[in-house]
1. Condition first: in contact (Cβ under 8 Å) with a residue 12 or more places away in the chain and assigned to a helix (DSSP H, G or I). Now tell me which residues in region 146-175 satisfy that.
2. Return a yes/no flag: does region 110-119 have any residue that is surrounded by 12 or more Cβ atoms within 10 Å (Cβ to Cβ), in a helix (DSSP H, G or I), in contact (Cβ under 8 Å) with a residue 24 or more places away in the chain and among the charged types (D, E, K, R).
3. Report the residue count in region 1-42 for those that are of a type in the set (G, A, S) and modelled with pLDDT under 90.
4. Check whether at least one residue in region 1-18 is of a type in the set (D, E, K, R) and not in a helix (DSSP H, G or I), and report yes or no.
5. Which ones in region 125-145 are farther than 17 Å from I92 by Cβ and without any contact (Cβ under 8 Å) to a residue 12 or more places away in the chain?
6. Looking at (1) over 21 Å from the mean Cα position of the chain (by Cα); (2) open to solvent by less than 100 Å² (accessible area, probe 1.4 Å), which is the one condition that is false for D61?
7. Under 6 Å between Cβ atoms, at least 6 apart or on separate chains: pull out the pairs that start in region 70-99 with a residue that is under 30 Å from L134 (Cα atoms) and end on any residue that is aliphatic (A, V, I, L, M).
Amino acid sequence: EEKILQNNTNQSVVDGQNLLFIYIIGIVISITITTIAIILTYSQLDIKHKQITKLLKIEIDKKTKALQHSNISLKQLNEELKRQDIMQKEFINIASHEMKTPVQAILTYSQLLQIYPERHKEFALAINRNSLRLQRLSNDILNVAKIESGGLTLNKQVFDINEVIADIIDDYKTI
């Protein structure tokens, strides 16, 4: 009985050791499988991360190029606006100067008319001529506005350049 008990005890120890060995192997296999799963998952995530990063870089490059193109276009438009602003200021200065000439002549002739009423026909003609000149200048300014808006239609007109020059000379001779 002792021998049987000893054999059973020895068998129980061996069985316990075998069970412990199987248990340890199971734990090692579980840890190994979990580690492999983590490594595979990490590598898949890393691959996905690299793909997403590459796609984002491509998209950022596209947007950057589009933004650079827009900036170039805006700079060109800004330069064009500056040129147009300069042209507009020059036009206003020229128009103002051109309008002062007939206005000054009208004022001068009307003052001379008060001083020399006997020369009323001569002064009235000069006042009329300069009034018409002022009217043409006003129409020309309105035509420039129409040109800019695209609504101007041109009408050809014959005129005598000698008459225009003679009128200007007469205006300055009388003054």
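The values are calculated or read from the model by the stated rules, or taken from the named source; none is laboratory data. Keep in mind that what you see is a predicted model, and the values were worked out from it rather than measured. Quick reminder, even Gly has a Cβ in these numbers, built from the backbone with ideal geometry, and neighbours come from all protein chains shown. Calculation scope for accessible area: heavy atoms of the full protein, side chains included, ligands and nucleic acids excluded. Shrake-Rupley method; radii C 1.70, N 1.55, O 1.52, S 1.80 Å.
1. D167, D170, D171, T174
2. Residues of region 110-119 surrounded by 12 or more Cβ atoms within 10 Å (Cβ to Cβ): 110, 112-113, 119.
Adding the requirement that they be in a helix (DSSP H, G or I) leaves 110, 112-113, 119.
Next, from what is left, pick out any that are in contact (Cβ under 8 Å) with a residue 24 or more places away in the chain: 112.
Cutting the leftovers down to among the charged types (D, E, K, R) gives us none.
Within region 110-119 (the criterion being surrounded by 12 or more Cβ atoms within 10 Å (Cβ to Cβ), in a helix (DSSP H, G or I), in contact (Cβ under 8 Å) with a residue 24 or more places away in the chain and among the charged types (D, E, K, R)), the answer is no, since none of the residues qualifies.
3. Of region 1-42, the ones of a type in the set (G, A, S) are 12, 16, 26, 30, 37.
Subsequent filtering for residues that are modelled with pLDDT under 90 retains 12, 16.
Of the residues in that region, 2 qualify.
4. If we filter region 1-18 for residues that are of a type in the set (D, E, K, R), which is where we start, we get 1-3, 15.
With not in a helix (DSSP H, G or I) added as a condition, the list becomes 1.
Yes, there is a match, as at least one residue in region 1-18 is of a type in the set (D, E, K, R) and not in a helix (DSSP H, G or I).
5. Taking region 125-145 first, the residues farther than 17 Å from I92 by Cβ are 125-133, 135-136.
L125, N128, L132, Q135, R136 - these are the residues of region 125-145 that are farther than 17 Å from I92 by Cβ and without any contact (Cβ under 8 Å) to a residue 12 or more places away in the chain.
6. (1)
7. A95/I141; E98/L137; M99/L137
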